[in-house]
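Notes follow the structure.
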Amino acid sequence: MLGVPCRLSGLVHMPRHLDAARAQPTIAPLVPSNRRADSGNGKGNPVSPHVDQFFEERLAKARKLSELGVDPWGAKYETSSDLAGARAKAEAANIAPGTESEVSVRVAGRVVAVRAFGKATFVALRDRSGDIQAYLRSDRLGEAGYAVVKLLDLGDFVGVEGVLGRTKTGEITVFTKALTFLTKALRPLPEKFHGLSDTDTRFRQRYLDLVANPEVRERFVKRSRLIASLRRRLEERGFIEVETPMMQAIPGGATARPFITHHNALDIDLYMRISPELYLKRLLVGGLDKVFEIGRQFRNEGLSPKHNPEFTMMELYQAYGNLDDMMDITESVVSGLAEELSGSGEAQFAGKPVKLSRPWPRLDYLSLLREKAGVDPSSVDSLRAAARKAGVDTAKLDKWALMDEVFSNYVEPGLWDACFVCGAPIELTLLCKARRDDPSRAERFEAYAAGMELANAYTELNDAVEQRRRFQEQAGGATAAETGGKLDEDFLTAMEHGMPPAGGLGIGIDRLAMIVLGAETIREVVLFPLLRPREAAPAAPAAPAAEAPAKE
RNA sequence: GAGGGCGUAGCUCAGUCUGGUAGAGCAACGGCUUUUUAAGCCGUGGGCCGAGGGUUCAAAUCCCUCCGCCCUCACCA
């Protein structure tokens, strides 16, 4: 830990006195500390002197650059376009193979391949948009310019200025007239051909994953576009984006276990939100009418390919609306996003197509239990038997919990093409209105695709008296211990001031991204998924161990 | 929490069953090379084989413990 700031400050000052005499003492101690960080053994074992061969060699090259009057850590570089832009320009210019055009460009990127032929060198540059090849010749760059080329390593950043052309093999190439060195990389990149596949390294050092694996970079660019597009679509429908507290005195809106944090000045514990629902509904009371929030939720539960402790959810509430509006929004927004990002209403997940184009079938919760799970939903014994068969510990479960278990074990995995499951029992929800035609059922749907729950929507309960009754009933329940069984009085008070009838909807953004982008685990769509910290707890824990999160 | 798999050079991987001086490709270093596409050719360096303990004349390999990652299950509105 301590090594990190030291190392940084050392490096920051490097360019200013790269002459070997002064730089050496600054650098020398860096090497072992930085090796420690890498090896992760955290025990400060002596390290053999050659392990930082790459680091030292590259540092030496940085010094040489400095001696040549080139700043190894350069500054702003004005580009004419990104690499894909340059490529497009070349396409448009209709250049014959083996010729150079008059079209000049100025582009920059990271060097991801070097093929050197003595007095000429090809380098592949990479930026977010893609790759392009640059051709660097001694006779074009001059002796001094080419001396810099000889000091290039994989991973360095450079800018090149020149004309677009095609090599005799037809490859679009920047025939470079001027090379500008931008950044020296002191550590090597993962191998160019196989890329980086070790999941541990990929997730812990995602930046390497992004550089080495273009498809990973594409996926995260697409995730960003997906969220931007979702936001645009909701705004077009008249919703406004709001932000509600992530730290809440009473975590409400769902019953997952929360993370606990502490505010020092107020000396109170706060909970990382498990849902923004109760705050968003206060905004309906306040008359904001159509609101949405895209943000992180935190649930202190197990990890799995479908669960990260922090995940992104979109929730929206529409005053004067109901479940039908939520269905319309879900169907059109999700199918629209799929269409926009993958060019079709069909996604590929686990090697199988997932139909996302509308209309989605409306399925009945209880019928699915009967048909897919073969149980009699009215019989506790039937439910219990089925749940047991699935390996569920049924001892403490009531009828409704059993039903939920049976559903998620027998029905959910088979819901592959996008669909709505409607009419779950009212007992499974706390915040949803009962159906007029059947008060035992909730006016609710859950949307499923690829065997995962994707969305959850209600016609919102706006009866303040009934809401209080349900809260009180639940206050003795399972999660009461976590939160002291407190009712969210502030929310109830708000509702007592009158909340308009409304539809509410939550869409899991990570899961939507998984399905649309064909990623089978949530870790492939979350840039920095939670992993156990590398450096294990030190042998002598001087700090209060009590504050350590979850012993699990 | 339980079971299974994995951990060897900067990266991708052999080697572990059947114990006997630690291997390949890429990357790096030195040389040759001004149109390559995983460039090529010649040469060189690089490993506490995840950590600790045990068995053995001898351990990457067998045994035990621990750490990390992945998968399945459990937990989880």
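Numerical summary
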item: Which numbered condition A:S229 fails, given (1) under 22 Å from A:F311 (Cβ atoms); (2) open to solvent by 30 Å² or more (accessible area, probe 1.4 Å); (3) hydroxyl-bearing (S, T, Y); (4) more than 11 Å from RNA strand B (Cβ to nearest atom); result: (2)
item: Given (1) within 16 Å of RNA strand B (Cβ to nearest atom); (2) free of Cβ contacts under 8 Å to residues at least 60 places away in the same chain, index of the condition A:D381 fails; result: (1)
item: Every pair of residues 6+ apart whose Cβ atoms lie under 8 Å, when the first sits in segment A:302-327 and is under 29 Å from A:A519 (Cα atoms) while the second is of a type in the set (F, W, Y) and open to solvent by 40 Å² or more (accessible area, probe 1.4 Å); result: A:P309/A:F259
item: Filtered residue count, segment A:360-384, keeping only those that are surrounded by fewer than 17 Cβ atoms within 10 Å (Cβ to Cβ), modelled with pLDDT under 95, assigned to a loop (DSSP other than H, G, I, E, B) and not charged (D, E, K, R); result: 3
item: Flag for A:T244 being modelled with pLDDT of 95 or more, in a loop (DSSP other than H, G, I, E, B), within 26 Å of the chain's Cα centre (by Cα) and under 30 Å from A:V333 (Cα atoms); result: yes
item: Output for segment A:205-236, where each listed residue is more than 20 Å from A:L341 (Cα to Cα) and assigned to a loop (DSSP other than H, G, I, E, B); result: A:Q205
item: Unique match (being more than 31 Å from the chain's Cα centre (by Cα) and either over 21 Å from A:T79 (Cα atoms) or within 12 Å of RNA strand B (Cβ to nearest atom) (or both)) among A:V163, A:V148; result: A:V163
item: Given (1) open to solvent by less than 40 Å² (accessible area, probe 1.4 Å); (2) within 14 Å of RNA strand B (Cβ to nearest atom); (3) within 21 Å of the chain's Cα centre (by Cα), index of the condition A:Y207 fails; result: (1)
item: Filter result for A:A84 (of a type outside the set (S, T, Y), assigned to a helix (DSSP H, G or I) and away from RNA strand B (no atom under 15 Å from the Cβ)); result: yes
item: Unmet requirement for A:T180, which otherwise passes all of (1) modelled with pLDDT under 95; (2) more than 8 Å from RNA strand B (Cβ to nearest atom); result: (1)
item: Complete set of residues in segment A:298-354 that are surrounded by fewer than 16 Cβ atoms within 10 Å (Cβ to Cβ) and basic (K, R); result: A:K352
item: Cross-chain or 6+ apart pairs with Cβ under 9 Å, segment A:250-279 first and more than 18 Å from A:Y458 (Cβ to Cβ), then away from RNA strand B (no atom under 15 Å from the Cβ) and of a type in the set (D, E); result: A:I250/A:E489; A:I250/A:D490; A:I260/A:D269; A:T261/A:D269; A:H262/A:D269; A:H262/A:E547; A:H263/A:D269
item: Candidate set from segment A:112-135 (those that are more than 6 Å from RNA strand B (Cβ to nearest atom) and either polar (S, T, N, Q) or in contact with a Phe, Trp or Tyr (Cβ under 7 Å, 6 or more places away or on another chain) (or both)); member that is least open to solvent (accessible area, probe 1.4 Å); result: A:T121
item: Selection within segment A:247-265 - open to solvent by less than 80 Å² (accessible area, probe 1.4 Å), away from RNA strand B (no atom under 16 Å from the Cβ) and part of a loop (DSSP other than H, G, I, E, B); result: A:A249
item: Within segment A:188-204, tally of residues that are surrounded by fewer than 14 Cβ atoms within 10 Å (Cβ to Cβ) and either away from RNA strand B (no atom under 15 Å from the Cβ) or outside any helix (DSSP H, G or I) (or both); result: 6
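The values are calculated or read from the model by the stated rules, or taken from the named source; none is laboratory data. In this text, all values refer to a predicted model and were calculated from it rather than measured experimentally. Every residue, glycine as well, gets a Cβ built from its backbone with ideal geometry; the counts of neighbours run over all protein chains shown. Areas reflect the complete protein model, heavy atoms only, side chains present, ligands, DNA and RNA absent. Shrake-Rupley method; radii C 1.70, N 1.55, O 1.52, S 1.80 Å.
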